[in-house]
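Encoded as structure tokens, the structure appears first; notes follow it.
The values are calculated or read from the model by the stated rules, or taken from the named source; none is laboratory data. Just so it is clear, the structure is predicted and the values come from calculations on it, not from any experiment. Cβ placement follows ideal geometry from the backbone for every residue including glycine, while neighbour counts extend to all protein chains displayed.
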Amino acid sequence: MTYYAVPANRTYIIGHSEVPGCSGYGGGVNCHTDPGPFWNWGYYMSQVTASGGGGGTLPTITIDNANAGFACSTSWATASSATDKYGADYRFHSTAALSDPASWTASIGTAGTYRVFAWWNAGTNRSTTAPYILPSGTTVHVNQQSGGGAWQLLGSSALSGSAKTQLSIWTTTGFVVIADAVRYQQ
């Protein structure tokens with residue numbers, strides 16, 4: 001659930017017998033019966049959510065680079081050629097020793113501890129130390145040459161009111177950083 005940012009609720013966590021379709025080794029009630037009629041879904045889900053998987057009580061907030069809540073200077077270029085992008089396009093900037101971050105700001109209506117995820121598209125010209133600054137002020141360096149096309153966990157923060165995550169360009173020069181999307185999720 002953490003790796004792929006799957007919400008911890010029964011819409012996304014299903015039994016083998018609830019998988020749609022039944023061709024070959026697929027799921028479905030005509031193919032599989034597990035976990036069976038006596039499986040205690042209520043207890044199971046309480047254990048999943050108690051272990052930090054989230055219970056669906058906090059909203060999931062996703063901000064793409066094209067949405068309200070995203071901001072960057074005109075120095076950030078827009079591109080759309082990467083196939084593993086989130087949405088229609090993404091922003092990029094050459095790395096440099098100066099302050100010119102991209103930012104994603106969310107209005108947090110329900111206070112709580114949220115996991116912060118980022119989405120970027122990978123490439124060999126991407127920074128291996130792209131510095132994300134979480135709402136808590138913690139800086140997390142990620143390798144944008146890999147892990148593209150999926151939600152990547154940056155960390156978690158207790159959030160309320162307004163939450164801002166930034167991507168700085170101040171890191172090893174000779175690369176670009178990719179500002180695509182950020183997600184706040186329980």
* Structure fact -> Just one listed residue, out of 145, 185, is in contact with a strand residue (DSSP E or B) (Cβ under 6 Å, 6 or more places away or on another chain) and in contact (Cβ under 8 Å) with a residue 24 or more places away in the chain, and it is 185
* Structure fact -> Within region 45-68, the residues that are more than 19 Å from residue 14 (Cβ to Cβ) and at pLDDT below 65 are 50, 52
* Asked: Restricting the search to region 73-95, which residues are out of contact with any His (no Cβ under 8 Å at 6 or more places or on another chain), surrounded by 14 or more Cβ atoms within 10 Å (Cβ to Cβ), on the phi < 0 side of the Ramachandran plot and in a loop (DSSP other than H, G, I, E, B)?
  -> 82, 84, 85, 86, 89, 95
* **Long-range neighbours under 8 Å by Cβ, at least six apart or interchain, first residue within 23 Å of residue 112 (Cβ to Cβ) within region 55-78, second aromatic (Phe, Trp, Tyr) and not in a strand (DSSP E or B)** => 64/86
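Per-residue answers, yes or no, for (1) farther than 15 Å from residue 60 by Cβ; (2) assigned to a strand (DSSP E or B); (3) not polar (S, T, N, Q):
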position	(1), (2), (3)
99	yes, no, no
110	no, yes, no
113	no, yes, no
117	no, yes, yes
122	yes, no, yes
128	yes, no, no
137	yes, no, yes
141	yes, yes, yes
153	no, yes, yes
* **Residues within region 155-186 that are surrounded by fewer than 16 Cβ atoms within 10 Å (Cβ to Cβ), hydroxyl-bearing (Ser, Thr, Tyr) and either farther than 30 Å from residue 109 by Cβ or outside the structural domain of residue 79 (by TED's automatic domain parsing) (or both), tallied** => 2
* Structure fact -> Going through (1) within 22 Å of residue 79 (Cβ to Cβ); (2) at pLDDT below 95 one by one, residue 156 fails only at (1)
